[in-house]
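K.L.:
Pasting a structure below so you can have a look.
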Amino acid sequence: MPWCATRCTHAGRVVVSRRDSVPSPSSALPSHGLRAAPDGRVTRTPPRLGRVTLITHALEDRYARVATDLRVSLTDRCNLRCSYCMPAEGLDWLPGDDVLTDDEVVRLVGIGVRHLGIREVRFTGGEPLVRRGLVDIVRRSKEFDPTVDLSLTTNALGLARTAHALREAGLDRVNVSLDTVRPETFLEITRRDRLHDVIAGLEAARDAGMVPVKINAVLLRGVNDGQAAELLHWAIGHDYELRFIEQMPLDAQHGWSREAMVTAEEIFEHLERDFALTPASEPRGSAPAEKFLVDGGPATVGVIASVTRPFCGDCDRVRLTADGQVRNCLFAREESDLRTALRSGASDDELAVRWVAAMRGKRAGHGIDDPSFLQPDRPMSAIGG
Ligand SMILES: C[S@@+](CC[C@H](N)C(=O)[O-])C[C@H]1O[C@@H](n2cnc3c(N)ncnc32)[C@H](O)[C@@H]1O
Ligand code: SF4
């Protein structure tokens, strides 16, 4: 327990991160804490004294999980049309005025990093590379705390042009979605003939030093499931770290079915025809991927079995949608509106308190197997994967 917590009188847990020399507890913390009055107003502001940074461990849910990993969706728009994600004609995109501006995104990221203990920020979408202000958002987000890990989940279209600028702005890593290395299968899945752009984007990310470059792949029965080993051979040959993700009921068309999805067990069966897989020794922690050494290593492959082997008990994630809604889970059916409060003049502390409250309702698990499970109204592309 941090030393200040033993002295706190308020309900929330507070820790002090020590960047440098730390004043004595009594001089550093005469009083502190974000506190919501019964009417919802914030009654006290956390002090920032010298080089001591106060972080409320407030993004804690009822099951004692603490969110430190923020996924920020920068847009719901996309330039591909992956069949497991959205229909060929696309979706009704969010009206432009509803989408947070660059300044609003940066402000909320800052609240997360400076007040709420966020240690990782992943920008996603839709396709985050279509957001014009991306490089600037990355740069300004990094300025809050250079030790916070910044990453991007992307389809890599256009990454060849921007990888170096993103790296220079402070982006640490990218995860690129790539389900096949066959052009005809790529066209079938994404409905666009852009495989060459993705491959160029991957190379640019590696050249820019954003390593390890990870690849996320979704397998679809009868489409690319027979190509799992081929994709792994290719990824290893190009020094990319491949992870397979089980398809989840988050597509806009509501076309997912348990019977049709390719399970982790089936993924192992496909891979083990070509490779020997052994569990990697490094602790998994809150990482969604189970990691395996390929043929004894050092190459690895990950399997994210969100459906058949849920890892909700270790979840450390919280999401912010492009229109400024906090979602405490991918599968949440409720959202908390930060945008309206933000645009009505709420202070950082007030926004932080709202964010804290949003975590309280986080459910123990996604409940996909529960008979009462309902797919969220928003698809993955609008939530931010
Ligand atoms: C929604 S996308 C957004 C970022 C970017 N457009 C991309 O494709 O990487 C994020 C990730 O979600 C994955 N994804 C999309 N729909 C999915 C689904 N129904 N089940 C599992 N993963 C899905 C994609 O493959 C991608 O890796
Ligand atoms: S998975 Fe990513 S790239 Fe594919 S349609 Fe969805 S948002 Fe676009």
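K.L.:
Could you look at the chain and say what percent of its accessible area is carbon and sulfur, using a 1.4 Å probe and all protein chains?
P.N.:
50 percent
K.L.:
Take the Cβ-Cβ distance between ASP193 and GLU89 as r, set R0 to 30 Å, and report the resulting FRET efficiency rounded to the nearest 0.05.
P.N.:
Step by step, r from the Cβ atoms, then E = 0.95.
K.L.:
Of all GluC sites (Glu not before Pro) in the range 77-120, which ones are in loop regions per DSSP and have a Cβ with at most 10 other Cβ atoms within 10 Å?
P.N.:
GLU89
K.L.:
With +1 assigned to the C-beta of every Lys and Arg and -1 to the C-beta of every Asp and Glu, and no other charges, what is the dipole magnitude of the chain about the Cα centre in debye, to the nearest 20?
P.N.:
Using only the charged Cβ atoms, the result is roughly 1680 debye.
K.L.:
Taking a cut-off of 22 Å between Cα atoms, list the lysines near LYS291, but don't count ones fewer than 8 places away on the same chain.
P.N.:
Candidates past the 8-residue exclusion: LYS214.
K.L.:
How would you classify the range 257-385 from its alpha-carbon gyration tensor, with a ≥ b ≥ c the square roots of the eigenvalues: rounded for a/c under 1.5, else prolate if a/b is greater than b/c, otherwise oblate?
P.N.:
Note, shape of the range 257-385 comes out prolate.
K.L.:
A further question follows. Do the sum for the chain: with -39,500 (n - 2.57) for every DSSP H run of n ≥ 4, divided by all residues, what is the mean residue ellipticity at 222 nm, to the nearest 500 deg cm²/dmol?
P.N.:
-7500 deg cm²/dmol
K.L.:
Please list ASP370, ASP377 in order of solvent-accessible area, largest first, computed with a 1.4 Å probe with all protein chains present.
P.N.:
Largest accessible area first, the residues go ASP377, ASP370.
K.L.:
Compute the FRET efficiency between ALA346 and PHE373 as 1/(1 + (r/R0)^6), taking r as their Cβ-Cβ distance and R0 = 45 Å, and round to the nearest 0.05.
P.N.:
Computed FRET efficiency for ALA346 and PHE373 comes out at 0.85.
K.L.:
Next question, about the same structure. Give the accessible area for ASP102 in Å² (nearest 10); use a 1.4 Å probe, count only protein heavy atoms, and leave out ligands, DNA and RNA.
P.N.:
ASP102 exposes around 50 Å² with every protein chain in place.
K.L.:
Let me spell out the model: positive unit charges on the Cβ of Lys and Arg, negative unit charges on the Cβ of Asp and Glu, origin at the Cα centre of the range 262-385. What dipole size does that give, in debye rounded to 20?
P.N.:
Using Cβ point charges on Lys, Arg, Asp and Glu, the range 262-385 gives about 480 debye.
K.L.:
Please state the relative contact order of the range 103-191 as a whole percent: Cα pairs under 8 Å, 6+ residues apart?
P.N.:
With pairs under 8 Å counted, the relative contact order is 28 percent.
K.L.:
Express the C-alpha Rg of the range 59-182 as a ratio against the empirical globular expectation 2.2 N^0.38 Å, rounded to two decimals.
P.N.:
Cα Rg divided by the expected 2.2 N^0.38 Å: 1.11.
K.L.:
Using protein chains only and a probe of 1.4 angstrom, how many square angstrom of CYS78 are accessible, to the nearest 10?
P.N.:
Only protein atoms counted, so the area is about 30 Å².
K.L.:
Might you tell me the accessible area per residue for the range 94-200, computed with a 1.4 Å probe and given in Å²?
P.N.:
Using a 1.4 Å probe on heavy atoms only, each residue of the range 94-200 averages 39 Å².
K.L.:
Then there's this: Among the DSSP beta bridges whose two residues both lie in the chain, what percent are antiparallel, rounded to the nearest 5?
P.N.:
Rounded to the nearest five, the antiparallel share is 40 percent.
K.L.:
Which one, GLY285, MET86, LEU108, projects farthest toward the positive side of the charge dipole computed for the chain from Cβ point charges (K/R +1, D/E -1)?
P.N.:
The listed residue farthest towards the positive side: LEU108.
K.L.:
To the nearest 10 degrees, how steeply does helix 228-237 sit against the main Cα axis of the chain, on a 0 to 90 scale?
P.N.:
70 degrees
K.L.:
Separate question: Using 7 Å Cα-to-Cβ label points, what is the ARG284/ARG62 separation (nm, one decimal)?
P.N.:
The answer from the label model is 2.6 nm.
K.L.:
Taking a ≥ b ≥ c as the square roots of the Cα gyration tensor eigenvalues, with a/c under 1.5 meaning rounded and otherwise prolate when a/b beats b/c, else oblate, which class fits the chain?
P.N.:
Prolate, because a/c is 1.5 or more and a/b exceeds b/c.
K.L.:
Another question, then. Could you tell me how far the Cα centroid of the range 258-288 sits from the Cα centroid of the range 355-381, in Å?
P.N.:
The range 355-381 and the range 258-288 have Cα centres separated by 25 Å.
K.L.:
Also, I was wondering about something else. On a 1.4 Å probe surface of the protein chains, which of VAL130, VAL223, VAL138 comes out largest in accessible area, and what is the full order?
P.N.:
My answer, sorted largest first, is VAL130, VAL223, VAL138.
K.L.:
Would you mind checking the tilt of helix 195-207 against the longest principal axis of the Cα atoms of the chain, expressed as 0 to 90 degrees and rounded to 10?
P.N.:
The helix 195-207 is inclined about 50 degrees to the chain.
K.L.:
Rounded to whole Å, give me the distance from the Cα center of the range 151-179 to that of the range 55-96.
P.N.:
Comparing the Cα centres of the range 151-179 and the range 55-96, I get a distance of 17 Å.
K.L.:
Might you tell me the accessible area per residue for the range 261-385, computed with a 1.4 Å probe and given in Å²?
P.N.:
Counting only protein heavy atoms, the per-residue value for the range 261-385 is 43 Å².
K.L.:
For THR153, THR101, what's the largest-to-smallest order of accessible area, 1.4 Å probe?
P.N.:
In descending accessible area the options line up as THR101, THR153.
K.L.:
Heads up, I need the accessible area for TYR63: 1.4 angstrom probe, whole protein in place, Å², nearest 10.
P.N.:
Surface accessible to solvent at TYR63 totals approximately 110 Å².
K.L.:
What FRET efficiency comes out for ARG119 versus GLU184 if R0 is 35 angstrom and r is the Cβ-Cβ distance? Round to the nearest 0.05.
P.N.:
Working from the Cβ atoms, E equals 0.25.
K.L.:
I would also like to ask the following. Taking the DSSP beta bridges in the range 195-310 as the whole, what percent of them are antiparallel, to the nearest 5?
P.N.:
45 percent
The values are calculated or read from the model by the stated rules, or taken from the named source; none is laboratory data. The structure displayed is predicted, hence computed values, not measured ones. Please note: Cβ atoms are built from the backbone with ideal geometry, for glycine as well, and neighbour counts cover all protein chains shown. SASA here: full protein model, heavy atoms, side chains in, ligands and nucleic acids out. Shrake-Rupley method; radii C 1.70, N 1.55, O 1.52, S 1.80 Å.
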